[in-house]
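Down below is the structure, laid out as structure tokens.
The values are calculated or read from the model by the stated rules, or taken from the named source; none is laboratory data. All figures in this text were calculated on a predicted structure; none of them were measured in a lab. Cβ placement follows ideal geometry from the backbone for every residue including glycine, while neighbour counts extend to all protein chains displayed.
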Amino acid sequence: MILAPRPWVPLGVIGLGLACLALNPWAALAVGLFGLFLLLQSQLLRLQFSADALLVWRGASLLRRFPYSEWLGWKLFWGPLPVLFYFREQRSIHLLPVLFDATSLREQLQQHLSPLP
């Protein structure tokens, strides 16, 4: 299953950048540019759950493969409004913004893996 993109987190970061304009224009610019970067990534990248691995695609190119057998667990942060996806492999830790449909992401993770306690 390939997850559908959702721009809510990038748009929230862009909104935060706009809110920072009154405080510090340089911070607002940095936060706004980061939000635009996330918005671009939400349109370019795709997550696919295969039978044995999580695949990260950019267009037709496979960027990264995360075999489920190497995962120690996962967690979505901030319950009803998940904005961060954390997962740990045997050799590395990953913390990613949720740029995809969070409901489908949670369903696929529960189907393929066990969450962290």
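Numbers below:
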read-out	value
Where LEU47 falls short, out of the listed (1) crowded, with 17+ Cβ neighbours inside 10 Å; (2) more than 16 Å from LEU113 (Cβ to Cβ); (3) among the hydrophobic types (A, V, I, L, M, F, W, C)	(2)
Lone qualifier among LEU33, LEU29, LEU54 - being modelled with pLDDT of 95 or more, in contact with a strand residue (DSSP E or B) (Cβ under 7 Å, 6 or more places away or on another chain) and not in a loop (DSSP other than H, G, I, E, B)	LEU54
Inter-residue pairs, beta-carbon under 8 Å, first more than 17 Å from GLU107 (Cα to Cα) and in region 47-63, second not in a strand (DSSP E or B), 6+ apart	ARG58/LEU44; GLY59/LEU44
Inter-residue pairs, beta-carbon under 9 Å, first in a loop (DSSP other than H, G, I, E, B) and in region 90-106, second of a type in the set (Lys, Arg), 6+ apart	VAL98/ARG6; LEU99/ARG6; ASP101/ARG6
Selection from region 59-89 of residues that are surrounded by 12 or more Cβ atoms within 10 Å (Cβ to Cβ) and part of a helix (DSSP H, G or I)	TYR68, GLU70
Of the criteria (1) over 16 Å from the mean Cα position of the chain (by Cα); (2) hydroxyl-bearing (Ser, Thr, Tyr); (3) surrounded by 12 or more Cβ atoms within 10 Å (Cβ to Cβ), which one SER42 fails	(1)
